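Engineer: First the structure, then my questions, so here it is.
None of the figures in this text is laboratory data; all of them are computed from the coordinates on show. Just so it is clear, the structure is predicted and the values come from calculations on it, not from any experiment. Neighbour counts are summed over all protein chains in view; Cβ atoms, including those assigned to glycine, are modelled from backbone coordinates with ideal geometry.
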Amino acid sequence: MTTRDEARRFFDSIAGRYDRVYAPPREETRARMARILTELAPRSRVLDLGVGTGRELSLLLDAGHDVTGLDVSPAMLERCARRSRPVPAVLADLWEPLPFEAQCFDAVLALHGTLAHPPRAEALATLAAEVGRVLVPGGVFALEVPLPGWIEAASAKRGERRPSRIGNARAVVTDDATAASIEAWLFERGVWEEALSGSLRVTDARETANELFLVARR
Ligand SMILES: C[S@@+](CC[C@H](N)C(=O)[O-])C[C@H]1O[C@@H](n2cnc3c(N)ncnc32)[C@H](O)[C@@H]1O
């Protein structure tokens, strides 16, 4: 499992190359965001957990939403702040109590592997409870998480990011350029649905070989 310091160290060390090496291509990002935008009410207050370099921001802002970013990595947030339209950004650990008042967001997002580095398995349910607390009634939580098949798919691609399986649902991802590494957990759909269902109602789940897209509502 991954501590806050391990996550910070890894993402700080790759921040300068994240958009080129780790992020999906622009067209794929557009397609992913299109399905998320259909879930959001007009002029939503959106919390983007693991906002990273802010790749998703322009599409959310163009659609008229207000976005707050949260991330554990100062270097990722520093790149996010260089965007032409920076948003309020909070340096915090998403697996800890979220530093926001109850019911202050209409939507919470956690995209592209942000939730793959929990400190312990029970943290998924704790996060769901915290998301439920900061969402208004009827508010939406949309998440993209890698499934176990992601490990082989990502290993097959030649690149600077090298995942190796170390267990049924576990991998170590090593960055070849910096030698930094981080553990990743890749839970099956049922694990996520159970963790969310204590605090939220799952309303959509789409699975590809490598990734799960889930929508849950408060
Ligand atoms: C794979 S990147 C995704 C970034 C962005 N959402 C995107 O789609 O490009 C994961 C992000 O989550 C952040 N992160 C990882 N663990 C975290 C934690 N415990 N608390 C807050 N942010 C975390 C990382 O710093 C990184 O910016």
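Engineer: In sequence order, what are the phi-derived ³J(HN,Hα) couplings for region 149-154 according to the Karplus relation 6.51 cos²θ - 1.76 cosθ + 1.60 with θ = phi - 60°, rounded to whole Hz, with x for glycine and proline?
Structural biologist: Those phi angles translate into x, 4, 4, 5, 4, 6 Hz.
Engineer: Could I ask something else about it? Can you check what the net charge comes to around Arg217, using other residues whose Cβ is under 13 Å from the Cβ of Arg217 (Lys, Arg +1; Asp, Glu -1)? Spell out each step's value before the answer.
Structural biologist: On the way: positive: Arg201, Arg218; negative: Glu39, Asp106, Asp204.
Every neighbour counted, the sum reads -1.
Engineer: Rounded to two decimals, what ratio of Rg to Rh does region 1-126 give with C-alpha atoms and a Kirkwood Rh?
Structural biologist: So for region 1-126, dividing Rg by the Kirkwood Rh gives 0.94.
Engineer: Which whole-number percent is the relative contact order of region 28-135 (Cα, under 8 Å, 6+ apart)?
Structural biologist: Values: 161 pairs, mean separation 30.3, N = 108.
Value for region 28-135: 28 percent.
Engineer: Next up: Which net charge results for the neighbourhood of Arg35, defined as the other residues with beta-carbon distances under 13 angstrom from its beta-carbon, given Lys and Arg at +1 and Asp and Glu at -1?
Structural biologist: Net charge around Arg35: -3.
Engineer: When the helices in the chain are scored as -39500 (n - 2.57) per DSSP H run of 4 or longer and the sum is shared across all residues, what 222 nm value do you end up with, to the nearest 500 deg cm²/dmol?
Structural biologist: -8500 deg cm²/dmol, from helical runs alone.
Engineer: Then there is this: Non-local amide H neighbours of His112 (under 5 Å, H modeled in plane, Pro and chain starts lacking H): which ones?
Structural biologist: Glu144
Engineer: Under the Karplus relation 6.51 cos²θ - 1.76 cosθ + 1.60, θ = phi - 60°, what is the ordered set of whole-Hz ³J(HN,Hα) values for region 47-60, x standing for Gly and Pro?
Structural biologist: These are the phi-based 3J(HN,Hα) values: 9, 9, 6, x, 5, x, 7, x, 4, 7, 4, 4, 5, 5 Hz.
Engineer: With label points built 7 Å along Cα→Cβ from the Cα atoms of Ala31 and Ala63, find their separation and express it in nm.
Structural biologist: 1.7
Engineer: Please tell me the relative contact order of region 99-169 in percent, rounded to the nearest whole number, where contacts are Cα pairs under 8 Å and at least six residues apart.
Structural biologist: On the way: 65 pairs, mean separation 28.0, N = 71.
Relative contact order comes out at 40 percent.
Engineer: Please list, in order along region 174-191, the HN-Hα scalar couplings obtained from phi with the Karplus expression 6.51 cos²θ - 1.76 cosθ + 1.60 (θ = phi - 60°), rounded to whole Hz, x for Gly and Pro.
Structural biologist: 10, 8, 5, 6, 10, 6, 6, 9, 8, 7, 10, 10, 10, 8, 5, 3, x, 5
Engineer: Between Ser44 and residues 5 or more places away or on another chain, which pairs have amide H atoms under 5 Å apart, with H built 1.01 Å from N, and which residues are they?
Structural biologist: Close amide H contacts, sequence-distant or interchain: Asp66.
Engineer: Follow-up question, since we're still on this one. Can you tell which of Thr53, Trp95, Pro25 lies farthest toward the positive end of the dipole of region 22-98, using +1 and -1 charges on the Cβ of basic and acidic side chains (Lys, Arg; Asp, Glu)?
Structural biologist: Selected residue: Pro25.
Engineer: Right, another one. Can you give the direction-averaged projected area of the convex hull of the alpha-carbon atoms in region 77-117, in nm²? Provide the component values of the computation, followed by the final result.
Structural biologist: Values: hull surface 15.6 nm².
Orientation-averaged projected area of the Cα hull: 3.9 nm².
Engineer: Rg and Dmax of the chain, Cα atoms, in Å?
Structural biologist: Cα only, the chain: 16.1, 45 Å (Rg, Dmax).
Engineer: While we're looking at this one, here's another question. Could you work out the local net charge near Gly52, counting Lys and Arg as +1, Asp and Glu as -1, over the other residues with Cβ closer than 10 Å to its Cβ? Walk me through the numbers before you get to the answer.
Structural biologist: Numbers: positive: Arg55, Arg79; negative: Asp19, Asp48, Glu56, Asp71.
Here the count lands on -2.
Engineer: Taking 8 Å as the Cα distance limit and 6 or more residues as the minimum spacing, I'd like the relative contact order of region 103-218 as a percentage.
Structural biologist: 31
Engineer: What fraction of the Cα pairs in region 132-218, stated in percent, has a spacing above 18 angstrom?
Structural biologist: 51
Engineer: Which of the trypsin sites (Lys or Arg not before Pro) found in region 1-101 are loop residues per DSSP with 16 or fewer other Cβ atoms within 10 Å of their Cβ?
Structural biologist: Of the trypsin sites (Lys or Arg not before Pro), the ones in loops of region 1-101 whose Cβ has at most 16 other Cβ atoms within 10 Å are Arg43, Arg82, Arg83.
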